[in-house]
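Encoded as structure tokens, the structure appears first; notes follow it.
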Amino acid sequence: MQGLQKYVFGVLTVVASFLLLSAGAGCKKKVYTYGTGDTAMNGGGGIIIPPTDTVLKRILALGDSYTIGQSVTEPDRFPNLTSMWLRQRGANMQYPVQIIARTGWTTADLLNGITTADPQPTGTYDLVTLLIGVNNQYQHRDTAEYRSQFTQCINKAIAFSGGRKNRVFVLSIPDWGATTFGRSSNPAQIAIEIDQFNAINKEVTLQMGISYTDITPATRQSAYDPTLLASDGLHYSAKEHSVWAAMVGEKMLAVLR
């Protein structure tokens, strides 16, 4: 009899433990957060830690002063704003973004900078942006040269995306002639030349089956809205960078879904 009682008690203990575990699992909600080690409060008030194998999606941004965000802080650079914009919509993005860009770079400088970048880009990136050409125009570089080198830049971007053309996003060249600095020069002529270079990068981009985002009209609004400009009167403020981030972010989100 004692043996039977011990057996029954053991069975009841196992059943009770199972019911408690099942009930606890049923009450928990999975919470999606943005980085390994992050925590978030779930609906029931508990803290859920995401799996440590969560893979962050990576962006590589290639360009010049507009990409590196001359005269704005690191969080206000458009590539980083784009990452945050995507995060806010549920994408598990790495932050900050890896950027290969420098103020004053032409297409030739960017190609060289990719080769000498520290750290070097590694592996395959989920998204790659390319914004380059304003210094080709500013230095009165040849448009045929720009076409050839811009094509090389796109091919580099495609390679970084693992050959996935739908993961590459080209942005048009801003019209610096509409800035405070540019208006002291010849803004009408600058606008004509910017349009010429943009006609080239748009044609090449679309011919190669790459996404093209025309941010130039938005940059021309700086002639009427000084809050779109950074303190140097030549580059753009976080407000303008956020416009670009939303424009390209919409296209990126469609690809990530």
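None of the figures in this text is laboratory data; all of them are computed from the coordinates on show. None of the values given here were measured: they were computed from a predicted structure. Every residue, glycine as well, gets a Cβ built from its backbone with ideal geometry; the counts of neighbours run over all protein chains shown.
Hey, what's the per residue convex hull volume over the C-alpha atoms of the stretch 80-134, in cubic angstrom?
Dividing the Cα hull volume of the stretch 80-134 by its residues yields 96 Å³.
By average Cβ neighbour count within 10 Å, what is the ranking of 129-137, 106-114, 175-183 from highest down?
By packing density, highest mean first, the sequence is 129-137, 175-183, 106-114.
So, with +1 on the Cβ of K and R and -1 on the Cβ of D and E, and no other charges, what is the size of the charge dipole of the stretch 95-253 about its Cα centre, to the nearest 20 debye?
Approximately 320 debye in magnitude.
Quick one: what are the phi-derived ³J(HN,Hα) couplings along the stretch 97-112, Karplus 6.51/-1.76/1.60 with θ = phi - 60°, whole Hz, x for glycine and proline?
Working through the residues one at a time gives 6, 7, 10, 10, 6, 7, 4, x, 5, 9, 4, 5, 5, 5, 4, 5 Hz.
Considering amide H positions built from the backbone, and no H for Pro or chain starts, which residues 5 or more places from residue 213, or on another chain, come under 5 Å of its amide H?
170, 171, 172
In µm²/s, what is D for the stretch 59-256 at 25 °C and 0.890 mPa s, where D = kT/(6 pi eta Rh) by Stokes-Einstein and Rh is the Kirkwood radius from Cα pairs?
148
Go through 165/239; 165/251; 57/202; 156/202; 57/251 and tell me which ones have a Cα-Cα distance over 23 Å in this structure.
Result: 165/239; 57/202 exceed 23 Å.
Rounded to whole Å and sorted largest first, list the principal axis extents of the Cα atoms in the stretch 84-184.
43, 29, 26
Under the rule of at least 5 residues apart or a separate chain, name every residue whose amide H is placed under 5 Å from the amide H of residue 98.
The list, which skips near neighbours in sequence, is 59, 61.
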